[in-house]
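K.L.:
Please see the structure below; I have some questions.
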Amino acid sequence: MPRPAPSAPARTVPPAPGSLGAGLRHPVALLRWLWLAYMTPGRPGRGTTQQELRWIYTAWLGAFLLKMLGSSWDVSWHFKWLRDDLAPPHLLNSAGTAVVIALVVFHSYTGYGVDRRALRLMQVGIATFLVAIPIDILNHRINGLDITSWSPSHALLYIGTAIMLAGAVRGWWLYAAPGRVRDLVSLGLWLFFAENVVFPNQHQEYGVLSLRAYEAGETTAEQQLLDFAASQGQTPTMFMLPVPSWVHPAWLLCAGLLSLVVARKVVGLRWTSTTVAGVYLAYRAVMWLGLVALDFPPSVLPLVLLVGAVCIDLAVTFRLPGWSAAPATAAAVYAAGWLQDAAGLLPPWNWSWWSIALVLASFTALWTAVDLVARSRWLATWREPVEPGRTAEPAAALGGAPTR
């Protein structure tokens, strides 16, 4: 009678660290425990406890904090020094990207903390971002200086980041238990989403002060940067303010404020938009102080964003439709912009009637579209989790209790 095949020995999992601080004090032991306890194959929708979700999505917040710090420093850096692939801001941003890659690999292999749609968003987002990196490097090699935030290769970076953040927002919102922690992490993820959306406008927000300093004979740019720009046939105005004056207000409303409209509707807290915009501006103010202290160029702050955010929260709270709320919000933003411009603290805006009318009409159409999608049957279906992992394995073997 043949002997039965010996069964594989069970993996011995070391005890978990007693606290986050204890784990960080012994990173090798922490990583070994994480690997043995959680790096087992699974499918999206695998059962995950609330504590495990908090660990996973805290890592997402930390990754995007690194990316945001690096990118904020990077803008100011490019108004002072020539571009360098291994510049400190790039390395800081790359550290955050490395953590994101590790998280996407973790979700893909284990199935923890995501449904299939959230996982696909994360995978498509990081793939788009990684494809954009060599394209951006090649673009700089071909086009020389090209520090503008508005180049096609940079647009791919923003799009990839937005898609992967959308996956993280979905995964957290599906599986986190309602409560304060769920709300705080959601606000953090939407903060990073909104920062990524309005990021291109920082070029004009730095450029307006850098150009003003240059014209006053007190340039904040190193001479090698100015000489290289001249050798590429670019004037200081061309690389400090490279886009038309209608771009900044149009992008702030039709992209930045639109993302806050979506955040308000998804999160549902009364002051969601105001909180995200206020924290973003506070972060920019702290970065402004730190960068100026390190002798890097300063920027103006888009304070008008906060005005629009308050209008959004009030409009959604009082159930105003987009077709009526958007024009009023745009008018308030332009009025606040006029005051900020009068104080010399705003990039160039196009104040012609046709430009304002086009921005107002576009913002109204986009907000109305968001309202229509919010009421659609498609969205109700899309919000349901797609969980092959939860139906493929018995509940007792999923590693945690269902969280919804």
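Bear in mind that the values in this text are calculations on the coordinates, not laboratory data. Keep in mind that this is a model prediction, so the values were computed, not measured. Quick reminder, even Gly has a Cβ in these numbers, built from the backbone with ideal geometry, and neighbours come from all protein chains shown.
K.L.:
Taking +1 at the Cβ of each Lys and Arg and -1 at the Cβ of each Asp and Glu, which of 96, 121, 79 sits farthest along the dipole of the stretch 66-122 towards its positive end, judged by Cα position relative to the Cα centre?
P.N.:
121
K.L.:
Using only Cα atoms, find the angle between the long axis of helix 27-38 and the longest principal axis of the chain, and express it within 0 to 90 degrees, rounded to the nearest 10.
P.N.:
60
K.L.:
Can you give the relative contact order of the chain as a percent, counting alpha carbon pairs under 8 Å and 6+ residues apart?
P.N.:
Worked out over the chain, it gives 21 percent.
K.L.:
Would you calculate the separation in nanometres between label points at residue 133 and residue 181, each defined as 7 Å from the Cα along the Cα-to-beta-carbon direction?
P.N.:
If labels sit at residue 133 and residue 181, their model points lie 3.2 nm apart.
K.L.:
What chymotrypsin sites (Phe, Trp or Tyr not before Pro) in the stretch 157-197 are in a loop by DSSP, with at most 10 other Cβ atoms within 10 Å of the Cβ?
P.N.:
Passing sites in the stretch 157-197 do not exist.
K.L.:
Moving on to the next point. Helix 116-143 against the longest principal axis of the chain: what's the angle in degrees, Cα atoms only, rounded to the nearest 10?
P.N.:
Between helix and principal axis, roughly 40 degrees.
K.L.:
Something else: Using the Karplus curve 6.51 cos²θ - 1.76 cosθ + 1.60 with θ = phi - 60°, what ³J(HN,Hα) values do you get for each residue of the stretch 88-105, in whole Hz, with x for Gly and Pro?
P.N.:
x, x, 5, 5, 5, 4, 5, 4, x, 4, 4, 5, 4, 4, 4, 5, 5, 4
K.L.:
Give the distance, in whole Å, between the Cα centre of the stretch 274-322 and the Cα centre of the stretch 181-222.
P.N.:
10
K.L.:
Label points 7 Å out from Cα along the Cβ direction at residue 285 and residue 335: separation in nm?
P.N.:
2.3
K.L.:
To the nearest 10 degrees, how steeply does helix 304-317 sit against the main Cα axis of the chain, on a 0 to 90 scale?
P.N.:
On a 0 to 90 degree scale, this one is about 50.
K.L.:
What does the highest-first list of 30-42, 113-125 look like by mean Cβ count within 10 Å?
P.N.:
Listed from highest to lowest mean packing, they are 113-125, 30-42.
K.L.:
Which number do you get for Rg(Cα) / (2.2 N^0.38 Å) in the chain?
P.N.:
My calculation over the Cα atoms of the chain gives 1.10.
K.L.:
Can you work out the Karplus-derived ³J(HN,Hα) for every residue in the stretch 320-332? Use 6.51 cos²θ - 1.76 cosθ + 1.60 with θ = phi - 60°, whole Hz, and x for glycine or proline.
P.N.:
Those phi angles translate into 7, x, x, 5, 9, 6, 5, x, 5, 5, 4, 4, 5 Hz.
K.L.:
Thinking of the stretch 35-241 as a set of Cα atoms, what percent of all their pairs are more than 29 Å apart?
P.N.:
Everything past 29 Å amounts to 33 percent.
K.L.:
Among 360, 252, 345, which comes first, second and so on when ranked by fewest other beta-carbon atoms within 10 Å?
P.N.:
Going from sparsest to densest Cβ surroundings: 345, 360, 252.
K.L.:
Now for a separate question. Read phi for every residue in the stretch 61-69 and hand back ³J(HN,Hα) as whole Hz from Karplus 6.51 cos²θ - 1.76 cosθ + 1.60, θ = phi - 60°, with x for Gly and Pro.
P.N.:
4, x, 4, 6, 5, 4, 5, 5, 4
K.L.:
Sticking with this structure for a sec: By count of other Cβ within 10 Å, fewest leading, how are 90, 154 ordered?
P.N.:
Fewest-to-most Cβ neighbours within 10 Å comes out as 90, 154.
K.L.:
Continuing with this model, one more query. Okay, helix-only estimate at 222 nm for the chain: each DSSP H run of n ≥ 4 adds -39500 (n - 2.57), divide by all residues, round to 500 deg cm²/dmol; what do you get?
P.N.:
-22500 deg cm²/dmol
K.L.:
Related question: Quick one: check the C-alpha center-to-center distance for the stretch 73-128 versus the stretch 21-42, whole angstrom.
P.N.:
Result: 21 Å between the Cα centres.
K.L.:
Hey, how much of the P(r) for the stretch 244-380 falls beyond 25 Å, as a percent of Cα pairs?
P.N.:
Of all Cα-Cα distances in the stretch 244-380, 29 percent exceed 25 Å.
K.L.:
Tell me the trypsin sites (Lys or Arg not before Pro) within the stretch 208-288 that lie in a loop according to DSSP and have at most 15 other beta-carbon atoms within 10 Å.
P.N.:
270
K.L.:
Between residue 378 and residue 230, what length comes free when the chain is fully extended (0.36 nm per residue of separation minus the Cα-Cα distance, one decimal in nm)?
P.N.:
Roughly 48.0 nm would be gained on extension.
K.L.:
Oh, and also: For the chain, which longest stretch is free of loop sites, where a loop site is one of the GluC sites (Glu not before Pro) that DSSP puts outside H, G, I, E and B and that has at most 16 other Cβ atoms within 10 Å?
P.N.:
1-217
K.L.:
If neighbour count is taken as other Cβ atoms inside 10 Å, put 257, 366, 53 in order from fewest to most.
P.N.:
Taking fewest neighbouring Cβ atoms as first place, the list is 366, 53, 257.
K.L.:
Tell me which chymotrypsin sites (Phe, Trp or Tyr not before Pro) from the stretch 278-350 have a DSSP coil assignment and no more than 10 other beta carbons within 10 Å of their own.
P.N.:
When the chymotrypsin sites (Phe, Trp or Tyr not before Pro) of the stretch 278-350 are filtered for loop state and at most 10 Cβ neighbours within 10 Å, 318 remain.
K.L.:
Could I ask something else about it? Given charges of +1 on the Cβ of Lys and Arg and -1 on the Cβ of Asp and Glu, with all other atoms neutral, how large is the dipole of the stretch 244-380 about its Cα centre, in debye to the nearest 20?
P.N.:
Computed charge dipole of the stretch 244-380: roughly 540 debye.
K.L.:
Between residue 354 and residue 324, what is the FRET efficiency for a Förster distance of 22 Å, r being their Cβ-Cβ separation, to the nearest 0.05?
P.N.:
0.50
K.L.:
Rounded to the nearest 0.05, what FRET efficiency is calculated for residue 39 and residue 116 with R0 set to 22 Å and r the Cβ-Cβ distance?
P.N.:
Working from the Cβ atoms, E equals 0.65.
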